[in-house]
Amino acid sequence: MKSLKRRSKIDMWVVAKINHLETEMFKSQLKKHLGFDIQFYNPLICIKKVRKQKSINQSRPILNSYIFCYHQKFSDENTINQTSNIKGLNYFLKSYKFNQEEILSFINNCKSFEDKEGFISPSFFKDLLSNKAKFISGPFTNLFFDIIEKQKGKMKIMLGNFAIAISDKSKYLYQPV
């Protein structure tokens, strides 16, 4: 019985589906409810766009409307129930207690691909790609390509009739299709 009580006091990560337009409202409301010792993790990519000959950097979450939240009170299901009506929150994913290792592993994997500014590097997506992908930044934005071969440090692709090698160090972002 004693081990069960100790186990329930474990700090927990939860995954929240939020309205991405109300992210800051959600964070402030959750801090107000649980205290300022809560931590959030929302992995971002930096997309560089050129408009009217000016370079614009935009950050975008890779998980769209999902965010990780960490607090010791999340081990108690009553906390989840009491905070389920916070403005900006759609819902908490239900299986968070059983997936703590996977959540932590994913967060650590994301952090291992972060650059100096905290943005996820393009090489993070390389392992997620299978046969086709789409550029989401750079001169080929919104163009689809076929993956010919993945190699250490680069990837060979087919863009239309052209075979191209993309370095893992390139700043071009792409996503699986």
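Any read-out appearing in this document is the output of simple, stated calculations on the displayed coordinates, not a laboratory observation. Just so you know, these numbers come straight off a predicted model, no measurement behind them. For neighbour counting, all protein chains shown are included, and Cβ atoms are generated from backbone atoms with ideal geometry for every residue, glycine included.
A few points about this structure:
- Helix 23-34 vs. the chain, principal-axis angle (Cα, 0 to 90°, nearest 10): 20 degrees
- Per-residue ellipticity at 222 nm computed for the chain from its helices equals -6000 deg cm²/dmol, with DSSP H segments shorter than 4 residues left out and the rest contributing -39,500 (n - 2.57).
- The loop-placed GluC sites (Glu not before Pro) in the stretch 72-177, going by DSSP, that have at most 13 neighbouring Cβ atoms within 10 Å of their Cβ come out as Glu117.
- Averaging 1/r over each pair of different alpha-carbon atoms in the stretch 61-160 and inverting the result gives 16.8 Å, the Kirkwood hydrodynamic radius.
- Compared with the dominant Cα axis of the chain, that is its longest principal axis, helix 100-112 is turned about 40°.
- Scattering profile of the stretch 94-147 at q = 0.12, 0.16, 0.18 Å⁻¹ [log10 I(q)/I(0), Debye over alpha-carbon scatterers]: -0.43, -0.68, -0.78
- For the chain, the longest site-free run once trypsin sites (Lys or Arg not before Pro) in DSSP loop states with at most 14 other Cβ atoms within 10 Å are removed: 10-51
- Of the three principal axes defined by the Cα atoms of the chain, the extents in descending order read 64, 39, 27 Å.
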